Amino acid sequence: MSGQSEVPDPSAHVPLAPAALHIVLSLNRGERHGYAIMGDVERLSDGVIKLGPGTLYGTIKKLLAQGLIELTETRPDPALDDQRRKYYRLSALGASVCAAEIQRLTNLVERTRHPAPGRLLGELS
Amino acid sequence: MTMTSARGIEHIDRQERIYRRLLFVYPRSFRDEYGDDLVQSFRDLMVFTADGRGPWLRTVRDLISSAAKEHGAMFSGGRKPSLSVVFVVVATLLAAIVMGPGLLLPVIMLPTVVMLGLPIYGIAQFRRAWLVRRTTAGAIARNVTTGVASFAPAAAVLALLSPTTPDTSSS
């Protein structure tokens, strides 16, 4: 067995459930704590998805178990924020799953907008 | 707009204590691992949301759905969920199917929790007190106290509903 085979396959995690997808997309923009993720998901989805604390941490628990996200050692400046806050970031696997999801969704949108064969991808207007 | 005045902070502290008590609906392992994070996020919601009712509406909906999911995850993980919570969730869902979701909160859920869910939770606490009887007196006392307290709302409702004075004037 080569070392290459130990790299987890991102396609095994795709597609993600909506809450997990939005959390991964939020963390793709940088490290965040729980409430920052909630706010980011709400903004990203134009208010369609409003995570509550239970759904947020239930999903975070799953994503941690799957190795898609990880806790950071980052602690905020005590003068600026509560030091008890936990910050999360995407793992290397999480970043490739995120890229795979973005590609999958992009393809989906492109195929929906350009159903006729022979048209160029990206020809939207 | 945020609530940052002294009265606002006091109000948020009170809401936070209520939310922390409601966390009993989650499995113990989830509560132990994420309880403080859940409370912190709830507090942030209260602080940064202008509409006072908004966070609670979101939180109650989330509490019901995510507690059911966490207990479901425990089932699939082969661990035993809390009997009382399973009972409340199943009874509430059955009631919602029979009577319609519009009546769920005021008519069905509260009486179900007060009259059935909490007493069963109390029995579970007595059982836990029995199981931990050889550990610490503090743990036993805590479980017995919680058990007794769980029966209090149901007892109060029964006391209110019972006739005040028996009719002894029969001829």
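The values are calculated or read from the model by the stated rules, or taken from the named source; none is laboratory data. Computed from a predicted structure; not experimentally measured. FYI the Cβ positions are ideal-geometry reconstructions off the backbone, even for glycines, and counts take in every protein chain you see.
Some notes on this structure:
- Residues in segment A:29-64 that are in contact with a strand residue (DSSP E or B) (Cβ under 8 Å, 6 or more places away or on another chain), surrounded by fewer than 18 Cβ atoms within 10 Å (Cβ to Cβ) and at pLDDT 95 or above: A:LEU64 alone.
- Filtered residues of segment A:48-69 (kept if within 8 Å of chain B (Cβ to nearest Cβ), assigned to a loop (DSSP other than H, G, I, E, B) and within 20 Å of A:ARG29 (Cβ to Cβ)): A:LYS50, A:LEU51
- Taking the listed residues B:THR2, B:THR92, the one that is in contact with a helix residue (DSSP H, G or I) (Cβ under 7 Å, 6 or more places away or on another chain), outside any helix (DSSP H, G or I), modelled with pLDDT under 85 and more than 11 Å from every other protein chain (Cβ to nearest Cβ) is B:THR2, with no other qualifying.
- Hey, A:ARG43 over 30 Å from B:ARG28 (Cβ atoms), within 14 Å of chain B (Cβ to nearest Cβ), out of contact with any helix residue (DSSP H, G or I) (no Cβ under 8 Å at 6 or more places or on another chain) and assigned to a helix (DSSP H, G or I) or not: yes
- Considering (1) surrounded by 13 or more Cβ atoms within 10 Å (Cβ to Cβ); (2) free of Cβ contacts under 8 Å to residues at least 40 places away in the same chain, the lone condition that A:GLY67 does not fulfil carries the number (2).
- The set of residues in segment A:87-102 being surrounded by 19 or more Cβ atoms within 10 Å (Cβ to Cβ) and under 9 Å from the mean Cα position of the chain (by Cα) consists of A:LEU90, A:GLY94, A:VAL97, A:CYS98, A:GLU101.
- Output for segment B:12-25, where each listed residue is within 12 Å of chain A (Cβ to nearest Cβ) and at pLDDT below 90: B:VAL25
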